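Notes to accompany the following structure.
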Amino acid sequence: MSMFRQVRGQLHAEQVPVEKIARKVGTPFYLYSQTAIVNQLTALQSAFAPIRPLICYSVKANGNLAILKTLVRRGAGLDIVSGGELFRARRAGCPPQRIVFAGVGKSPEEIRSALKARIFCFNVESIPELEAIEREAERLKQRAPVALRVNPNIKADTHHYITTGTAENKFGIPLADAEKLILSGSWGQFHRIDLKGFHLHIGSQITQTAPFVAAVERIAPMIERLRGRGVLIDWLNLGGGLGITYQSEAPLNPRILAGKLIPVLKRLNVRLIFEPGRFLLGNAGILVTRILYVKETRTKRFAIVDAGMNDLIRPALYGAHHGIVPVRPALPAGQAGKSGAGARKLRYDVVGPVCESGDFFAKDRRLPKLAAGDLLAVLSVGAYGFTMASHYNARPNPPEVLVKGKRMAVIRKRERPADLIRGEQIPRL
């Protein structure tokens with residue numbers, strides 16, 4: 001059940017009216033439901049409980065410390081892709097044995113920091129990266145736990161910008177090459193490397209079970225052959241990519257997915273790691289924005305709002321769809337106090353103030369009649385909203401707010417103009 005719903009003609013986040021939060025913190029702002037986040041994590045943990053999974057939330061989806069702490073307290077680990085995310089993970093109190101480090105371009109400094117922190121493992125994307133980890137581990141006289149990321153050449157039915165498991169993508173090592181590497185004499189040069197297992201990640205926003213099942217079935221024979229040669233494989237990391245509903249998609253049901261995967265994983269005798277991001281946070285957050293002007297031309301009707309593409313880049317970057325609802329819907333004549341669902345709807349382009357034609361949240365969207373001052377909620381913004389925000393057009397970042405039941409808390413303050421120039425200086429040249 002969504003934690004954002006209309007109650008007596010007003011949009012609520014759990015039990016808090018969104019309009020009340022807007023009066024307190026101003027607009028625009030990001031708003032998250034803690035209950036929605038916890039419910040998604042619990043559903044995934046419960047579905048795969050028979051094989052004791054390690055659920056490592058993908059920090060890149062939303063790295064706010066309050067969000068990370070919410071998940072870590074409930075047994076989640078964290079999937080990181082940079083030294084900055086490692087810093088966030090440690091600051092949020094995540095035990096290092098529940099941190100996995102992914103990403104195709106880890107620097108020597110990042111590798112050293114992760115080794116010193118004694119994280120659970122690195123997801124290794126290439127032989128040169130494996131060599132770099134070996135060098136840093138030798139310098140520190142430590143063992144380096146790794147999972148080889150293999151590319152299974154599985155095509156997921158998703159946007160081409162967020163597919164990652166086909167031969168033309170930059171990610172991972174081809175399946176056959178990984179097996180040859182492990183069985184070759186050259187593997188012996190990696191004296192400091194401990195192979196824990198394999199990592200697969202075939203893309204994002206996947207709403208079908210078939211691609212995940214196909215990926216596991218593709219790698220299963222290799223695991224069995226390696227076991228036959230005395231190579232112990234304890235973990236299989238299936239990455240993230242579990243899809244959510246943005247428009248009319250049917251989201252992945254964790255229990256159905258578990259029913260397909262658990263028998264295969266038990267046969268392989270491997271522990272499971274998942275790295276969900278969007279699945280846990282996507283529908284747990286909204287972006288609340290106020291209409292500045294309604295502008296009509298001969299061919300278009302624009303609702304110009306105070307949030308911009310710098311706050312939510314996905315529509316401009318991917319052509320992504322996000323639902324948009326009025327916080328207090330317009331009511332049909334004579335229907336005061338009732339739902340506004342029957343109000344006549346008009347077509348609007350919902351656009352921001354940024355000086356780019358790509359600064360839009362929706363085009364030709366049917367919405368109740370809008371006016372300056374109205375509040376709109378852009379839905380499904382919990383993942384890849386704030387985390388992809390920028391300061392383009394010198395626009396300070398909005399605040400982030402977390403609700404739980406009847407309570408709310410600001411978990412990131414609104415930036416001020418002075419924050420935009422922090423660290424800058426004018427030199428005497």
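Computed from the coordinates by the stated procedures, all read-outs in this text should not be read as laboratory data. Note that the structure is a prediction, hence the values are computed from the model and not measured. In this analysis, Cβ positions are derived from the backbone assuming ideal geometry, glycine residues included, and neighbour counts consider all displayed protein chains.
Under 5 Å from the amide H of Asn237 lie the amide H atoms of Phe198, His199, Leu200, Ile273, each residue being 5 or more positions distant or on a separate chain, with H modelled from the backbone and absent for Pro and chain starts.
Taking only the alpha carbons of the stretch 208-291, we obtain Rg and Dmax values of 16.7, 65 Å in that order. Treating r as the C-beta distance of Arg271 and Glu249 and R0 as 41 Å, the FRET efficiency rounds to 0.85.
Computing Rg and the Kirkwood Rh from the Cα coordinates of the stretch 190-243 gives a ratio, Rg/Rh, of 1.06. Using C-alpha pairs below 8 Å separated by at least 6 residues, the relative contact order for the chain is 20 percent. Which Cα, out of Ser107, Gly352, Phe212, lies furthest along the positive dipole direction of the chain (beta carbon charges, K/R +1, D/E -1)? Ranked along the dipole, the leading option is Gly352.
What residue among Leu71, Thr299, Asn310 has its Cα farthest toward the positive end of the dipole of the chain, where the charges are +1 on Lys, Arg and -1 on Asp, Glu, each on the Cβ? Of the candidates, Leu71 comes out farthest on the positive side. The magnitude of the dipole of the chain, with charges of +1 and -1 set on the Cβ of Lys/Arg and Asp/Glu and taken from the Cα centre, is near 1460 debye.
Applying 1/(1 + (r/R0)^6) with R0 = 56 Å to the Cβ-Cβ distance of Arg347 and Val264 gives a FRET efficiency near 0.70.
P(r) tail, the chain: Cα-Cα pairs separated by more than 33 Å, 39% of all pairs. Cross-link check: pairs Lys60/Lys196; Lys180/Lys260; Lys20/Lys363; Lys60/Lys406; Lys20/Lys406; Lys295/Lys413 evaluated at a Cα-Cα cut-off of 22 Å; pairs beyond the cut-off: Lys60/Lys196; Lys180/Lys260; Lys20/Lys363; Lys60/Lys406; Lys295/Lys413.
Counted over the stretch 34-279, the DSSP beta bridges are approximately 5% antiparallel. Around Arg290, with a cut-off of 9 angstrom between Cβ atoms, what is the net charge of the other residues, counting Lys and Arg +1 and Asp and Glu -1? Once positives and negatives cancel, what remains is -2. Taking only the Cα atoms of the stretch 34-279, the ratio Rg/Rh comes out at 0.94, with Rh defined as the Kirkwood radius.
Each Cα pair under 8 Å and six or more residues apart adds its sequence gap; the mean of these over the residue count of the stretch 34-279 is a relative contact order of 20 percent. Run the simple label-point estimate for Ala43 and Trp187 please: 7 Å along Cα→C-beta, distance reported in nm. According to this spin-label approximation, the distance is 3.9 nm. Per-residue ellipticity at 222 nm computed for the chain from its helices equals -8000 deg cm²/dmol, with DSSP H segments shorter than 4 residues left out and the rest contributing -39,500 (n - 2.57).
A Förster distance of 45 Å, applied to the separation of the beta-carbon atoms of Asp234 and Ala66, puts the FRET efficiency at 0.85.
Residues of the stretch 371-393 with backbone nitrogen within less than 18 Å of a virtual label 7 Å along the Cα-to-Cβ line of Arg8, please, listed as ranges. Output list for this probe position: empty. Listed from fewest to most Cβ neighbours within 10 Å, the set Asp194, Asp374, Asp364 follows the order Asp364, Asp194, Asp374.
Ordering of 176-185, 283-292, 216-225, 416-425 by packing is 283-292, 216-225, 176-185, 416-425, highest average first (other Cβ atoms within 10 Å, averaged per residue). The magnitude of the dipole of the stretch 34-279, with charges of +1 and -1 set on the Cβ of Lys/Arg and Asp/Glu and taken from the Cα centre, is near 860 debye.
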